[in-house]
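Participant: Have a look at the structure that comes next, please.
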Amino acid sequence: MAGLTDRGRLVLGLAAAVYLVAWGFGSRTLYPVATGLALAAIGGRLWVALAWQPVVLRRSLGREWLEGDDVEVGLEALPQRYPGPHSLEVVERVGRLGERRVRLTRHRQSLLARYTLPALRRGRYRIAAARAIFEDPFGLALAEAQLGGETTLLVYPRLVELERLFSQAGGAAHAGGRVLLRRTAGFDLHSVREYQQGESLRKVHWRTTARRGTLMVKELEDAPHDEVAVLLDADARAVVGESFDAQVRAAGSILRAHALRGRRTVLTISSSPPESCHVASFDGDWRVALELLAAIEPTGGDPLDRFLGRDGSPATQAMELVVVTALLTPSLADALLERAFARRPTSLALVDAASFGPDEAQPLRDPALLRLQASGVPVAVVRRGDDLAAKLSGLAEALAAHG
(Lines give C-alpha, C1' and ligand atoms only; values in the text may rest on other atoms or scores of the structure.)
Protein backbone atom coordinates (compact mmCIF):
# COMPACT_ATOMS: atom_id res chain seq x y z
CA MET A 1 0.00 0.00 0.00
CA ALA A 2 1.50 3.33 -1.11
CA GLY A 3 0.39 6.91 -0.55
CA LEU A 4 1.29 10.30 0.80
CA THR A 5 2.37 10.82 4.38
CA ASP A 6 0.83 13.50 6.59
CA ARG A 7 3.72 15.75 5.59
CA GLY A 8 3.12 15.00 1.91
CA ARG A 9 -0.59 15.84 2.20
CA LEU A 10 0.32 19.04 4.05
CA VAL A 11 2.74 20.04 1.26
CA LEU A 12 0.12 19.27 -1.39
CA GLY A 13 -2.47 21.32 0.49
CA LEU A 14 0.00 24.16 0.88
CA ALA A 15 0.65 24.09 -2.87
CA ALA A 16 -3.08 24.43 -3.53
CA ALA A 17 -3.35 27.31 -1.03
CA VAL A 18 -0.40 29.16 -2.56
CA TYR A 19 -1.89 28.70 -6.02
CA LEU A 20 -5.22 30.17 -4.87
CA VAL A 21 -3.46 33.15 -3.29
CA ALA A 22 -1.45 33.72 -6.47
CA TRP A 23 -4.62 33.53 -8.59
CA GLY A 24 -6.63 35.73 -6.21
CA PHE A 25 -4.05 38.49 -5.93
CA GLY A 26 -2.59 38.13 -9.40
CA SER A 27 0.90 37.41 -8.04
CA ARG A 28 2.80 35.60 -10.76
CA THR A 29 5.82 35.07 -8.49
CA LEU A 30 3.83 32.63 -6.35
CA TYR A 31 2.90 30.30 -9.24
CA PRO A 32 6.37 28.68 -9.39
CA VAL A 33 6.27 28.13 -5.59
CA ALA A 34 2.90 26.40 -5.80
CA THR A 35 4.02 24.32 -8.76
CA GLY A 36 7.25 23.31 -7.03
CA LEU A 37 5.44 22.21 -3.86
CA ALA A 38 2.94 20.16 -5.86
CA LEU A 39 5.67 18.55 -7.94
CA ALA A 40 7.63 17.66 -4.79
CA ALA A 41 4.66 15.77 -3.29
CA ILE A 42 3.76 14.05 -6.56
CA GLY A 43 7.42 13.28 -7.28
CA GLY A 44 7.86 11.68 -3.87
CA ARG A 45 4.83 9.49 -4.50
CA LEU A 46 6.18 8.41 -7.90
CA TRP A 47 9.67 7.80 -6.48
CA VAL A 48 8.29 5.49 -3.78
CA ALA A 49 6.20 3.58 -6.32
CA LEU A 50 9.21 3.04 -8.58
CA ALA A 51 11.83 2.30 -5.89
CA TRP A 52 9.72 0.04 -3.70
CA GLN A 53 10.16 -3.68 -4.27
CA PRO A 54 8.52 -6.54 -2.32
CA VAL A 55 10.88 -7.99 0.27
CA VAL A 56 11.03 -11.19 2.34
CA LEU A 57 11.80 -10.74 6.04
CA ARG A 58 13.86 -13.25 8.01
CA ARG A 59 14.10 -13.06 11.78
CA SER A 60 16.78 -14.77 13.87
CA LEU A 61 16.66 -15.11 17.66
CA GLY A 62 20.10 -16.62 18.15
CA ARG A 63 20.80 -18.93 21.05
CA GLU A 64 18.64 -20.12 23.94
CA TRP A 65 17.85 -17.18 26.22
CA LEU A 66 17.54 -17.18 30.03
CA GLU A 67 15.67 -14.69 32.17
CA GLY A 68 17.69 -11.54 32.75
CA ASP A 69 19.53 -11.82 29.42
CA ASP A 70 19.64 -9.02 26.86
CA VAL A 71 17.98 -10.74 23.92
CA GLU A 72 19.29 -9.83 20.47
CA VAL A 73 16.92 -10.08 17.51
CA GLY A 74 18.37 -10.06 14.01
CA LEU A 75 16.38 -8.92 10.97
CA GLU A 76 17.23 -9.52 7.32
CA ALA A 77 15.09 -8.23 4.43
CA LEU A 78 15.71 -9.70 0.99
CA PRO A 79 14.34 -7.75 -2.01
CA GLN A 80 12.62 -10.01 -4.52
CA ARG A 81 13.98 -7.92 -7.41
CA TYR A 82 17.25 -6.03 -7.66
CA PRO A 83 18.12 -3.34 -6.66
CA GLY A 84 15.26 -2.71 -4.22
CA PRO A 85 15.22 -0.02 -1.49
CA HIS A 86 18.45 1.15 0.13
CA SER A 87 16.88 1.44 3.58
CA LEU A 88 13.70 0.25 5.22
CA GLU A 89 11.95 0.82 8.54
CA VAL A 90 10.39 -2.23 10.19
CA VAL A 91 7.84 -2.04 13.01
CA GLU A 92 7.46 -5.14 15.18
CA ARG A 93 5.15 -5.75 18.14
CA VAL A 94 6.87 -7.90 20.78
CA GLY A 95 4.17 -9.25 23.07
CA ARG A 96 3.55 -7.12 26.15
CA LEU A 97 6.70 -5.08 25.44
CA GLY A 98 4.97 -3.09 22.70
CA GLU A 99 6.34 -1.88 19.38
CA ARG A 100 9.96 -1.76 18.26
CA ARG A 101 10.97 0.43 15.28
CA VAL A 102 14.15 -0.61 13.53
CA ARG A 103 15.80 0.83 10.42
CA LEU A 104 17.40 -1.72 8.13
CA THR A 105 20.25 -0.60 5.89
CA ARG A 106 21.69 -2.19 2.79
CA HIS A 107 24.54 -4.66 3.11
CA ARG A 108 25.35 -6.10 -0.32
CA GLN A 109 22.06 -7.51 -1.62
CA SER A 110 20.10 -7.56 1.64
CA LEU A 111 18.96 -5.11 4.31
CA LEU A 112 20.20 -5.87 7.83
CA ALA A 113 19.56 -4.65 11.36
CA ARG A 114 19.69 -5.87 14.96
CA TYR A 115 17.90 -4.67 18.04
CA THR A 116 18.09 -5.63 21.71
CA LEU A 117 15.37 -6.45 24.22
CA PRO A 118 17.10 -5.67 27.52
CA ALA A 119 16.87 -7.87 30.65
CA LEU A 120 13.85 -9.91 29.64
CA ARG A 121 11.82 -11.73 32.26
CA ARG A 122 10.88 -15.36 31.90
CA GLY A 123 7.94 -15.93 29.59
CA ARG A 124 6.57 -16.50 26.13
CA TYR A 125 6.79 -13.45 23.86
CA ARG A 126 4.79 -13.43 20.65
CA ILE A 127 6.46 -11.39 17.92
CA ALA A 128 3.68 -10.47 15.51
CA ALA A 129 4.09 -10.12 11.77
CA ALA A 130 6.26 -7.09 11.04
CA ARG A 131 5.15 -3.99 9.17
CA ALA A 132 7.60 -2.52 6.67
CA ILE A 133 7.54 1.21 5.94
CA PHE A 134 9.46 2.67 2.98
CA GLU A 135 9.59 6.50 2.60
CA ASP A 136 11.11 8.92 0.13
CA PRO A 137 14.09 10.98 1.36
CA PHE A 138 11.86 13.94 2.30
CA GLY A 139 9.18 11.90 4.06
CA LEU A 140 6.43 13.01 1.66
CA ALA A 141 5.27 9.55 0.51
CA LEU A 142 5.48 5.99 1.81
CA ALA A 143 4.78 2.40 0.93
CA GLU A 144 3.66 -0.02 3.67
CA ALA A 145 3.41 -3.82 3.64
CA GLN A 146 3.15 -6.76 6.05
CA LEU A 147 6.32 -8.86 6.21
CA GLY A 148 6.97 -12.33 7.54
CA GLY A 149 4.96 -14.49 9.91
CA GLU A 150 4.67 -14.66 13.67
CA THR A 151 7.53 -15.89 15.83
CA THR A 152 7.52 -17.06 19.43
CA LEU A 153 10.40 -16.13 21.70
CA LEU A 154 10.78 -18.30 24.81
CA VAL A 155 12.81 -16.95 27.71
CA TYR A 156 13.63 -19.82 30.04
CA PRO A 157 13.92 -19.69 33.84
CA ARG A 158 17.43 -19.47 35.23
CA LEU A 159 17.77 -22.77 37.09
CA VAL A 160 20.49 -23.71 39.56
CA GLU A 161 22.61 -26.84 39.87
CA LEU A 162 21.77 -28.96 42.93
CA GLU A 163 24.21 -31.59 44.18
CA ARG A 164 21.85 -32.47 47.02
CA LEU A 165 18.27 -31.68 47.94
CA PHE A 166 16.77 -30.35 51.15
CA SER A 167 13.90 -32.84 50.80
CA GLN A 168 16.28 -35.80 51.13
CA ALA A 169 18.22 -34.52 54.11
CA GLY A 170 16.26 -36.44 56.70
CA GLY A 171 15.42 -39.86 55.37
CA ALA A 172 17.93 -40.62 52.65
CA ALA A 173 21.19 -42.42 52.98
CA HIS A 174 24.35 -40.37 52.89
CA ALA A 175 27.67 -41.22 51.34
CA GLY A 176 30.59 -38.86 51.37
CA GLY A 177 28.30 -35.94 52.18
CA ARG A 178 26.10 -36.55 49.12
CA VAL A 179 22.52 -37.65 49.08
CA LEU A 180 21.77 -40.97 47.46
CA LEU A 181 18.33 -40.66 45.94
CA ARG A 182 16.46 -43.92 46.33
CA ARG A 183 14.70 -45.79 43.56
CA THR A 184 11.25 -47.23 44.15
CA ALA A 185 8.90 -49.39 42.18
CA GLY A 186 5.13 -49.75 42.34
CA PHE A 187 2.85 -52.65 41.47
CA ASP A 188 -0.82 -52.49 40.51
CA LEU A 189 -3.39 -55.21 41.08
CA HIS A 190 -4.06 -56.68 37.67
CA SER A 191 -6.45 -59.57 38.41
CA VAL A 192 -7.11 -62.49 40.78
CA ARG A 193 -6.78 -66.23 40.11
CA GLU A 194 -7.07 -69.50 41.97
CA TYR A 195 -4.46 -70.40 44.55
CA GLN A 196 -1.79 -72.90 43.50
CA GLN A 197 -0.04 -75.24 45.88
CA GLY A 198 3.15 -73.79 47.34
CA GLU A 199 2.29 -70.09 46.82
CA SER A 200 2.72 -67.67 49.70
CA LEU A 201 -0.42 -66.91 51.68
CA ARG A 202 0.60 -63.25 51.57
CA LYS A 203 -0.68 -63.12 48.00
CA VAL A 204 -4.20 -64.26 49.00
CA HIS A 205 -6.94 -61.77 48.11
CA TRP A 206 -9.15 -62.36 51.12
CA ARG A 207 -12.16 -60.37 49.96
CA THR A 208 -12.52 -62.43 46.76
CA THR A 209 -11.74 -65.63 48.69
CA ALA A 210 -14.62 -64.96 51.09
CA ARG A 211 -17.00 -64.25 48.23
CA ARG A 212 -16.13 -67.36 46.18
CA GLY A 213 -15.42 -69.76 49.00
CA THR A 214 -12.05 -70.82 47.58
CA LEU A 215 -8.55 -69.43 47.93
CA MET A 216 -7.84 -66.67 45.38
CA VAL A 217 -4.49 -64.91 44.99
CA LYS A 218 -3.59 -61.49 43.59
CA GLU A 219 -2.06 -61.27 40.15
CA LEU A 220 0.27 -58.28 40.21
CA GLU A 221 1.76 -56.49 37.24
CA ASP A 222 4.71 -54.17 37.33
CA ALA A 223 3.23 -50.70 36.73
CA PRO A 224 5.59 -48.23 38.34
CA HIS A 225 4.16 -44.85 39.27
CA ASP A 226 6.03 -41.57 38.97
CA GLU A 227 8.57 -41.52 41.75
CA VAL A 228 8.56 -37.76 42.36
CA ALA A 229 5.88 -35.16 41.72
CA VAL A 230 6.79 -31.48 41.79
CA LEU A 231 3.63 -29.46 42.36
CA LEU A 232 3.92 -25.78 41.42
CA ASP A 233 1.26 -23.52 42.92
CA ALA A 234 0.03 -21.04 40.29
CA ASP A 235 -2.50 -19.25 42.51
CA ALA A 236 -2.62 -15.67 41.23
CA ARG A 237 -3.70 -14.34 44.64
CA ALA A 238 -0.34 -15.20 46.20
CA VAL A 239 1.85 -13.40 43.65
CA VAL A 240 3.78 -10.34 44.80
CA GLY A 241 6.17 -8.73 42.33
CA GLU A 242 8.44 -11.41 40.88
CA SER A 243 7.62 -14.05 43.51
CA PHE A 244 6.10 -16.43 40.96
CA ASP A 245 9.31 -16.36 38.91
CA ALA A 246 11.14 -17.48 42.06
CA GLN A 247 8.64 -20.34 42.42
CA VAL A 248 9.26 -21.39 38.82
CA ARG A 249 13.05 -21.34 39.35
CA ALA A 250 12.71 -23.45 42.50
CA ALA A 251 10.34 -25.98 40.92
CA GLY A 252 12.45 -26.27 37.77
CA SER A 253 15.69 -26.73 39.70
CA ILE A 254 14.19 -29.48 41.88
CA LEU A 255 12.65 -31.23 38.87
CA ARG A 256 15.93 -31.05 36.97
CA ALA A 257 17.91 -32.49 39.89
CA HIS A 258 15.64 -35.55 40.08
CA ALA A 259 15.56 -36.03 36.30
CA LEU A 260 19.37 -35.93 36.09
CA ARG A 261 19.49 -38.77 38.61
CA GLY A 262 17.22 -40.91 36.46
CA ARG A 263 14.09 -40.67 38.59
CA ARG A 264 10.71 -40.69 36.92
CA THR A 265 9.18 -37.31 37.67
CA VAL A 266 6.04 -35.36 36.90
CA LEU A 267 5.60 -31.61 36.91
CA THR A 268 2.09 -30.53 37.88
CA ILE A 269 0.97 -26.89 37.84
CA SER A 270 -2.25 -25.69 39.48
CA SER A 271 -2.99 -23.20 36.72
CA SER A 272 -6.36 -22.78 35.05
CA PRO A 273 -6.58 -25.18 33.31
CA PRO A 274 -4.07 -27.39 35.15
CA GLU A 275 -0.89 -28.37 33.31
CA SER A 276 1.27 -31.45 33.79
CA CYS A 277 4.30 -32.98 32.11
CA HIS A 278 5.87 -36.39 32.77
CA VAL A 279 9.65 -36.62 32.59
CA ALA A 280 10.74 -40.22 32.09
CA SER A 281 14.29 -39.27 31.11
CA PHE A 282 16.37 -36.12 31.09
CA ASP A 283 17.41 -36.55 27.47
CA GLY A 284 13.90 -37.14 26.17
CA ASP A 285 11.21 -35.29 28.10
CA TRP A 286 13.07 -32.58 29.97
CA ARG A 287 12.86 -30.07 27.11
CA VAL A 288 9.04 -30.24 27.12
CA ALA A 289 8.95 -29.55 30.87
CA LEU A 290 11.39 -26.66 30.50
CA GLU A 291 9.24 -25.06 27.80
CA LEU A 292 6.19 -25.41 30.05
CA LEU A 293 8.06 -23.69 32.89
CA ALA A 294 9.13 -20.90 30.54
CA ALA A 295 5.60 -20.12 29.38
CA ILE A 296 3.47 -20.73 32.48
CA GLU A 297 1.67 -17.81 34.12
CA PRO A 298 -0.08 -17.64 37.53
CA THR A 299 -3.66 -18.15 36.38
CA GLY A 300 -4.90 -20.54 39.08
CA GLY A 301 -7.69 -19.73 41.47
CA ASP A 302 -8.26 -22.88 43.55
CA PRO A 303 -6.50 -23.35 46.89
CA LEU A 304 -3.70 -25.88 46.67
CA ASP A 305 -5.21 -28.20 49.30
CA ARG A 306 -8.33 -28.52 47.14
CA PHE A 307 -6.12 -29.26 44.14
CA LEU A 308 -4.37 -32.01 46.11
CA GLY A 309 -7.73 -33.50 47.05
CA ARG A 310 -8.73 -34.23 43.46
CA ASP A 311 -8.87 -37.89 42.52
CA GLY A 312 -6.53 -38.94 39.78
CA SER A 313 -4.15 -36.02 40.14
CA PRO A 314 -0.58 -37.01 39.14
CA ALA A 315 0.69 -35.16 42.21
CA THR A 316 -1.30 -37.34 44.62
CA GLN A 317 -0.40 -40.62 42.91
CA ALA A 318 3.36 -40.11 43.00
CA MET A 319 5.37 -41.76 45.73
CA GLU A 320 7.17 -38.56 46.71
CA LEU A 321 5.70 -35.05 46.62
CA VAL A 322 7.50 -31.71 46.58
CA VAL A 323 5.19 -28.68 46.85
CA VAL A 324 6.41 -25.27 45.68
CA THR A 325 4.12 -22.47 46.81
CA ALA A 326 4.00 -18.91 48.14
CA LEU A 327 0.80 -19.40 50.14
CA LEU A 328 0.86 -21.82 53.06
CA THR A 329 -2.62 -22.14 54.58
CA PRO A 330 -3.57 -24.26 57.62
CA SER A 331 -5.59 -26.59 55.38
CA LEU A 332 -2.60 -27.10 53.06
CA ALA A 333 -0.40 -27.84 56.08
CA ASP A 334 -2.97 -30.42 57.23
CA ALA A 335 -2.92 -32.09 53.81
CA LEU A 336 0.88 -32.26 53.78
CA LEU A 337 1.02 -33.61 57.33
CA GLU A 338 -1.60 -36.26 56.55
CA ARG A 339 0.52 -37.47 53.68
CA ALA A 340 3.72 -37.38 55.73
CA PHE A 341 2.13 -39.34 58.59
CA ALA A 342 1.13 -41.99 56.04
CA ARG A 343 4.89 -42.49 55.41
CA ARG A 344 4.72 -40.93 51.96
CA PRO A 345 7.72 -38.59 51.52
CA THR A 346 6.54 -34.98 51.43
CA SER A 347 8.45 -31.70 51.40
CA LEU A 348 7.72 -28.02 50.94
CA ALA A 349 9.59 -25.21 49.18
CA LEU A 350 7.96 -22.01 50.42
CA VAL A 351 8.65 -18.72 48.63
CA ASP A 352 8.17 -15.75 50.96
CA ALA A 353 6.09 -13.58 48.64
CA ALA A 354 6.07 -10.65 51.05
CA SER A 355 9.83 -10.28 50.65
CA PHE A 356 9.28 -9.46 46.96
CA GLY A 357 7.14 -6.45 47.80
CA PRO A 358 8.23 -2.82 48.00
CA ASP A 359 8.42 -2.85 51.80
CA GLU A 360 10.95 -4.76 53.84
CA ALA A 361 9.32 -7.93 55.16
CA GLN A 362 10.00 -9.66 58.45
CA PRO A 363 11.10 -13.32 58.52
CA LEU A 364 8.23 -15.79 58.36
CA ARG A 365 6.75 -16.89 61.69
CA ASP A 366 3.77 -18.77 60.31
CA PRO A 367 2.21 -21.29 62.78
CA ALA A 368 1.48 -23.68 59.88
CA LEU A 369 5.14 -23.55 58.86
CA LEU A 370 6.25 -24.24 62.43
CA ARG A 371 3.88 -27.24 62.59
CA LEU A 372 5.43 -28.76 59.48
CA GLN A 373 8.98 -28.21 60.72
CA ALA A 374 8.17 -29.64 64.15
CA SER A 375 6.67 -32.75 62.51
CA GLY A 376 9.81 -33.42 60.53
CA VAL A 377 8.55 -32.34 57.11
CA PRO A 378 11.53 -30.97 55.12
CA VAL A 379 10.98 -27.26 54.42
CA ALA A 380 13.01 -24.74 52.44
CA VAL A 381 12.04 -21.06 52.75
CA VAL A 382 13.19 -18.83 49.89
CA ARG A 383 13.25 -15.07 50.25
CA ARG A 384 14.17 -12.36 47.80
CA GLY A 385 17.94 -12.16 47.37
CA ASP A 386 18.60 -15.65 48.78
CA ASP A 387 21.08 -18.04 47.21
CA LEU A 388 18.59 -20.43 45.64
CA ALA A 389 21.07 -23.29 45.32
CA ALA A 390 22.01 -23.06 48.99
CA LYS A 391 18.36 -22.97 50.06
CA LEU A 392 17.19 -25.89 47.93
CA SER A 393 20.19 -28.04 48.83
CA GLY A 394 19.65 -27.45 52.54
CA LEU A 395 23.16 -26.07 52.98
CA ALA A 396 21.95 -22.73 54.36
CA GLU A 397 20.03 -24.43 57.18
CA ALA A 398 22.84 -26.88 57.84
CA LEU A 399 25.39 -24.09 58.20
CA ALA A 400 23.03 -22.12 60.46
CA ALA A 401 22.47 -25.19 62.66
CA HIS A 402 26.22 -25.68 63.13
CA GLY A 403 26.84 -22.00 63.83
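The values are calculated or read from the model by the stated rules, or taken from the named source; none is laboratory data. Remember, it's a predicted structure, so these values are computed and weren't measured experimentally. Please note: Cβ atoms are built from the backbone with ideal geometry, for glycine as well, and neighbour counts cover all protein chains shown. These accessible areas exclude ligands, DNA and RNA; they are computed on the full protein's heavy atoms, side chains included. Shrake-Rupley method; radii C 1.70, N 1.55, O 1.52, S 1.80 Å.
Participant: How high is the FRET efficiency from residue 331 to residue 374, r the C-beta distance, R0 22 Å, rounded to 0.05? Display every interim value, and only then the final one.
Facilitator: Values: r = 18 Å, r/R0 = 0.81.
E(calc), rounded to 0.05, equals 0.80.
Participant: To the nearest 500 deg cm²/dmol, what mean residue ellipticity at 222 nm is calculated for the chain from DSSP H runs of n ≥ 4 alone, each contributing -39,500 (n - 2.57), summed and divided by the residues?
Facilitator: Theoretical 222 nm ellipticity from helices: -9000 deg cm²/dmol.
Participant: Which residue fluctuates the most in the chain, going by a Gaussian network model with Cα springs under 10 Å, if the choices are 297, 67, 161?
Facilitator: Residue with maximal mean-square fluctuation among 297, 67, 161: 161.
Participant: How far is it, in nm, from the label point at residue 152 to the one at residue 47 when both lie 7 Å from their Cα along the line to the Cβ?
Facilitator: Each label point lies 7 Å from its Cα, and together they span 4.4 nm.
Participant: Write down the percent of antiparallel bridges among all DSSP beta bridges whose residues are both part of the chain, to the nearest 5. Intermediate results must be reported in sequence, preceding the final value.
Facilitator: Numbers: 57 of 79 bridges.
Antiparallel bridges: around 70 percent, rounded to the nearest 5.
Participant: Give the distance, in whole Å, between the Cα centre of the stretch 242-262 and the Cα centre of the stretch 71-134.
Facilitator: 34
Participant: Under 10 Å, Cα contacts only: if you run a Gaussian network model on the chain, which one of 390, 342, 257 comes out with the highest mean-square fluctuation?
Facilitator: Comparing 390, 342, 257 in the GNM, the peak value goes to 342.
Participant: In addition: Is the shape of the stretch 234-379 best called rounded, prolate or oblate, per the rule: a/c under 1.5 gives rounded, else a/b larger than b/c gives prolate, else oblate, with a ≥ b ≥ c the square roots of the Cα gyration tensor eigenvalues?
Facilitator: oblate
Participant: I've got another one for you. What's the carbon and sulfur percent of the stretch 79-152's accessible surface, probe 1.4 angstrom, rounded to a whole number?
Facilitator: 47
Participant: Once neighbouring chains are kept in place and the probe is 1.4 Å, which whole percent of the accessible area of the stretch 250-403 is contributed by carbon and sulfur?
Facilitator: On the way: 3710 of 7070 Å².
Roughly 52 percent, rounded to a whole number.
Participant: Follow-up. Using θ = phi - 60° and the Karplus form 6.51 cos²θ - 1.76 cosθ + 1.60, what ³J(HN,Hα) does each residue of the stretch 232-237 get, whole Hz, x for Gly and Pro?
Facilitator: Residue by residue, the stretch 232-237 yields 9, 7, 10, 5, 5, 5 Hz.
Participant: Send over a whole-number figure in Å² for the accessible area per residue of the stretch 75-142, probe 1.4 Å.
Facilitator: Each residue of the stretch 75-142 exposes 54 Å² on average to a 1.4 Å probe.
Participant: Report residue 240's accessible area, 1.4 Å probe, all protein chains in place, as a number in Å² to the nearest 10.
Facilitator: The value for residue 240 is about 50 Å².
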